[in-house]
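The values are calculated or read from the model by the stated rules, or taken from the named source; none is laboratory data. Every value quoted in this text rests on a predicted model; they were computed, and no experiment measured them. Here the Cβ is made from the backbone with ideal geometry for all residues, glycine too, and neighbour counts use every protein chain on show. Only protein heavy atoms, including side chains, enter the accessible area calculation; ligands, DNA and RNA are left aside. Shrake-Rupley method; radii C 1.70, N 1.55, O 1.52, S 1.80 Å.
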Amino acid sequence: MAITVRLGTEADNPKIQDLVAKITMPGLAQMCFQRAPNFFVGSKVIGDEFIMTVADDSERPDVLAGLTVISGRDLFISGKKRRVYYSGDTRVDPSYRRLGIASSLIHAQKAFRTTEDLLQGIVLKENTAPLDAAAKTAEGVLFRYWISHTIETSFIFVRKSTPRIPEGVQIRQASAADVAAMQAFFDVEAPRRNGYPVYDFARMMAGDPYYAGLSIGDYALALRNGQIIGILGGWDQKAYKQTRIMGFKPWLAALRPVYNLYVALVGGFKLPAVGGMLNYLTLHTTLIANDDPAVYRALIDWIMAHQGQKYDALACAVTHGDPLENVPRGYKRQKLFSSNFWLSYGEDPRPSIDDRPLYAELARL
C-alpha cells in the first residue's frame, strides 16, 4: 500500500461521497454528517475559496483514504476585515486511521499558506487528541494551536406559541427593498464581534455560491420607529448539507414510532427511518443593536412561529462570554459544546486579536 497526497477536484465527488458515508458518529442513533449530492456546494458556503487535499491508495484506486479542506473567507477581527482560513473538514476512512494520513494531508496544505496566515477551527469540547496527532510529523511540529472559546450550540425545539415581542418593536420578513438598510446596519454591528463573516447582501441577492439556498425572505427584521434594530436569518441547508441517520440500536429502532409520538407532544427531534435526515433550520446572521436579549428572543420566537413550523428544531450557536449567550438557554433544547481554536504555521496570532466577543456562524462550520 502506497499513500499519495494530491489536490482534490470536483471529479473526486463520487469517491468523496463514499468516504463521507463511512464516517459516522456512534450512539443510540448512528449519524453521518453528509454533503450530498455535491460536496463542493457546501465547501463554497464555508469559504469563497478553498484548497482540498486528498489521499489516494495505489492498491485501491476506487477509494479515497482521506481528505482535508482549508477554506478562506473574510471575517472581522479586531474590528477590521481580515482573511481567515477555516480548517474544519478533515475526514479519514476508518480503515486507514493511525497511519498519519491526517498529518500528511495538512502538511500538503502548508504549501498554500504562509506563516502570517490566521487559521481557525472547531473541535468537540476538549477533544484535542486529533489535533495533537495531526500536528506531529517525522519532521517535527507541523503547526501550533490555541483553544480560545467554548461554543454552545443549541437545537431549540419548535413549538406553537405567540412571539414575545417587546413594546414598540415590530418584526417582519425582509424584502428586496430592505437590502440597503440591512447592509448599513450590518456594517455597524458585525465588526463588534471577532470572527463575524463579512457579508454583502447584494451578492446574496445575485445568487453567489457563498449564500447557496438563501434568499432575502429568509431574514427577519426587528424595527423600532421604522429603523432596524435586529436581524436574524433562517437557513435551510439540507439541499447540500445533511445530518443523516445511518442506523439505530435494536431497541430504539423498535421504539422509534412511540418516541416520535412523544416528541410530537413535548418537542424534540423526530427520528426518521434509516437513511432519513434530522429536520432543523439553522439560525444565522445574528445582529442585535445594543445586544438586547429581548430583541434576540423576539426574533427567534418570530422565526419559530413562521418558517420554523416546518422543522423540529432551530439550530444556533453562541460563544461563552457573548452578551447574548443566555437567550437560547431559555428554551427547551438539546445542547452541544465545542471549542474554537486559532491555528498557525508560524507565530502565535493571539496578540493581533482583541477581546471582543467571538461570533460563531453555525451555518458556515
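General observations
- Under 16 Å from Lys310, Cα to Cα: aspartates and glutamates that are on another chain or at least 8 residues apart: Asp218, Asp236, Asp301
- A Stokes-Einstein calculation at 20 °C with viscosity 1.002 mPa s, built on the Kirkwood radius of the chain over Cα pairs, returns a diffusion coefficient of 99 µm²/s.
- Filter on Lys44/Lys270; Lys44/Lys160; Lys44/Lys110 - keep pairs with C-alpha separation over 24 Å: Lys44/Lys270; Lys44/Lys160
- Rg(Cα)/(2.2 N^0.38 Å) for the stretch 209-365, N = residue count: 1.21
- Chain lengthening between Thr114 and His320 when straightened (0.36 nm per residue, less Cα-Cα): 71.1 nm
- Extension gain, Glu347 back to Glu126 (0.36 nm per residue minus Cα-Cα distance, nm): 77.3 nm
- Counting Lys and Arg as +1 and Asp and Glu as -1 over every other residue whose Cβ lies under 15 Å from the Cβ of Val274, the net charge comes to +4.
- For the chain, the solvent-accessible area works out to 44 Å² per residue, with a probe of 1.4 Å and every protein chain left in place.
- Full-extension gain in nm, Ser58 to Leu28, via 0.36 nm per residue minus C-alpha separation: 7.2 nm
- Environment charge of Ile122, counting only residues whose C-beta is closer than 13 Å and scoring Lys/Arg +1, Asp/Glu -1: -2
- Beta-bridge orientation, the chain: approximately 90 percent antiparallel, per DSSP, counting only bridges with both partners inside.
- Folded to 0 to 90 degrees: helix 250-266 orientation relative to the chain principal axis, Cα: 20 degrees
- Solvent-accessible area, 1.4 Å probe, carbon plus sulfur percent, for the stretch 64-211: 54 percent
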